[in-house]
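Structure below; questions to follow.
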Amino acid sequence: MRLLSFAAREERRRGWTYEAIGAQRGLLGAGVFDICKGYGREGAQGLKDKQGAKLRDAA
């Protein structure tokens, strides 16, 4: 599950940039933005990892 810590969520509410939060958590700013966007769209369900593209058979 992708999840920002409570402290990181509080920092975002206080106006910290995505890049500053990402630097603290070892993520890119774009990654923090995607996590926040998913949470805003779907709530806690939006924080769960999604399955990527389906793998093709090697045949």
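Every number here is computed from the coordinates shown, using simple stated rules; none is lab data. Just so it is clear, the model here is predicted, and its values are computed rather than measured. Every residue, glycine as well, gets a Cβ built from its backbone with ideal geometry; the counts of neighbours run over all protein chains shown.
Using a 10 Å cut-off on Cβ atoms, rank the peptides 6-17, 24-35 from the highest mean neighbour count down.
Top to bottom by mean Cβ count within 10 Å: 24-35, 6-17.
Another question, if that's okay. In whole Hz and in residue order, list the ³J(HN,Hα) couplings for segment 40-49 that follow from phi through the Karplus curve 6.51 cos²θ - 1.76 cosθ + 1.60, θ = phi - 60°; x for Gly and Pro.
x, 7, 10, x, 4, 4, x, 8, 6, 4
According to a simple spin-label model (label point 7 Å from Cα along Cα-to-Cβ), what is the distance in nm between ARG13 and LYS37?
2.3
I've got another one for you. For TRP16, enumerate residues with amide H under 5 Å from its amide H, sequence gap 5+ or separate chain, H modeled in the peptide plane.
none
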